[in-house]
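Okay, so here's the structure we're looking at.
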Amino acid sequence: MSRKPDSKIKEDIMENVLSAIKEKGLNNLSLRDIAKETGVSARMLIYHFESFENLINSVFIHLSIRHKTILKTILAENAGKSPARISEIFIETIFADDNRDSLLLFVELYTGGLRDTGKYSLFYDEVLHKWIGEIENYLIRQFGDEAKLYATIIVSLSRGLMLDWLATGDKKRIIDSSSLFLSMFEKSGVSRKI
């Protein structure tokens, strides 16, 4: 019987791989390149992740879960505030300068993986369905059957603004644009305190 990979070691490897990818980017990166950059043998990477695609999926799911934890903290700390205000706080928090490299990697895989969504299906499930589901659960009491649609709008807005910020570096305009959209959202009578 073979041993199961140690989850703590796997977690440490993901952090090292994430750091290496932040530095080098994903383009033309191989398993051997990652092994060299992290000091972890390619064999050990395969033992823990089974394939290059699973490694990349795991690292980015790990990153997405980290961002989702930030969202959950914001939701808990701001209970009673409007969804628009909570979205605004999340965008201001997640678009911090020290998070830029992580968001660049997120976008790199998000867009690059579109050529073969099957390879990165676990990643897309996490960053699309699970994110939308998380926000939908928050909005369900207020919006009922339409909560998923509103959650999709919020996720799409934040992703579009993220692309714009990464391309231009104009954080103030992005935050102001988000605030304007969210205030229009509130003025339309759609957004109420939950």
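Test THR69 against the stated conditions and say whether it is more than 19 Å from TRP165 (Cα to Cα), hydroxyl-bearing (Ser, Thr, Tyr) and open to solvent by 70 Å² or more (accessible area, probe 1.4 Å). For THR69, the condition - more than 19 Å from TRP165 (Cα to Cα), hydroxyl-bearing (Ser, Thr, Tyr) and open to solvent by 70 Å² or more (accessible area, probe 1.4 Å) - is met.
Residues are listed down the side, and each one gets a yes or a no for (1) in contact (Cβ under 8 Å) with a residue 12 or more places away in the chain; (2) of a type in the set (A, V, I, L, M, F, W, C):
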residue: ASN137; (1), (2): no, no
residue: ARG141; (1), (2): yes, no
residue: TYR150; (1), (2): yes, no
residue: VAL155; (1), (2): yes, yes
residue: LEU161; (1), (2): yes, yes
residue: TRP165; (1), (2): yes, yes
residue: THR168; (1), (2): no, no
residue: SER177; (1), (2): yes, no
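Whether a residue is closer than 30 Å to ASN54 by Cβ, of a type in the set (A, V, I, L, M), free of Cβ contacts under 8 Å to residues at least 40 places away in the same chain and open to solvent by 80 Å² or more (accessible area, probe 1.4 Å) was assessed, and LEU128 does not pass this test.
Taken together, the residues in segment 98-120 that are touching a residue at least 12 places away in the same chain (Cβ under 8 Å) and more than 13 Å from LEU26 (Cβ to Cβ) amount to 2. Taking the conditions exactly as written (under 16 Å from LYS68 (Cβ atoms), more than 14 Å from the chain's Cα centre (by Cα) and open to solvent by less than 20 Å² (accessible area, probe 1.4 Å)), does ALA147 satisfy them or not? Spelling it out, it is not the case that ALA147 is under 16 Å from LYS68 (Cβ atoms), more than 14 Å from the chain's Cα centre (by Cα) and open to solvent by less than 20 Å² (accessible area, probe 1.4 Å).
Of LEU55, LEU18, all but one fail to be touching a Phe, Trp or Tyr at 6+ places or on another chain (Cβ under 8 Å) and in a helix (DSSP H, G or I); the exception is LEU55.
Residues that are polar (S, T, N, Q), under 20 Å from TYR124 (Cα atoms) and assigned to a loop (DSSP other than H, G, I, E, B): does segment 67-85 have at least one? Checking segment 67-85: not a single residue is polar (S, T, N, Q), under 20 Å from TYR124 (Cα atoms) and assigned to a loop (DSSP other than H, G, I, E, B). Of the residues making up segment 171-192, at least one is over 27 Å from ILE61 (Cβ atoms), of a type in the set (Asp, Glu), modelled with pLDDT under 85 and open to solvent by 50 Å² or more (accessible area, probe 1.4 Å). Residue selection: GLY113 satisfies the criterion of being under 15 Å from the mean Cα position of the chain (by Cα), open to solvent by less than 60 Å² (accessible area, probe 1.4 Å) and among the small types (Gly, Ala, Ser). For segment 87-125, a residue qualifies if it is modelled with pLDDT of 85 or more and of a type in the set (Lys, Arg), and exactly one does: ARG100. Taking SER7 as the residue in question, decide whether it is farther than 15 Å from LEU109 by Cα, of a type in the set (Ser, Thr, Tyr), surrounded by fewer than 16 Cβ atoms within 10 Å (Cβ to Cβ) and modelled with pLDDT under 80. Here the answer is yes, as SER7 does meet what is asked. Just need a number here: residues in segment 101-122 that are of a type in the set (Val, Ile, Thr) and touching a helix residue (DSSP H, G or I) at 6+ places or on another chain (Cβ under 8 Å). So the count comes out to 2. Checked against the criterion of being open to solvent by 10 Å² or more (accessible area, probe 1.4 Å), closer than 18 Å to GLU126 by Cβ, free of Cβ contacts under 8 Å to residues at least 24 places away in the same chain and not acidic (Asp, Glu), the candidates SER30, SER51, SER58, SER19 yield just one match: SER51.
The values are calculated or read from the model by the stated rules, or taken from the named source; none is laboratory data. Note that the coordinates shown come from a computational prediction; the quantities given were computed from them, not determined experimentally. We place every Cβ from the backbone using ideal geometry, glycine too, and count neighbours over all the protein chains shown. Each accessible area value is taken on the protein alone, full model and side chains, heavy atoms only, with ligands, DNA and RNA left out. Shrake-Rupley method; radii C 1.70, N 1.55, O 1.52, S 1.80 Å.
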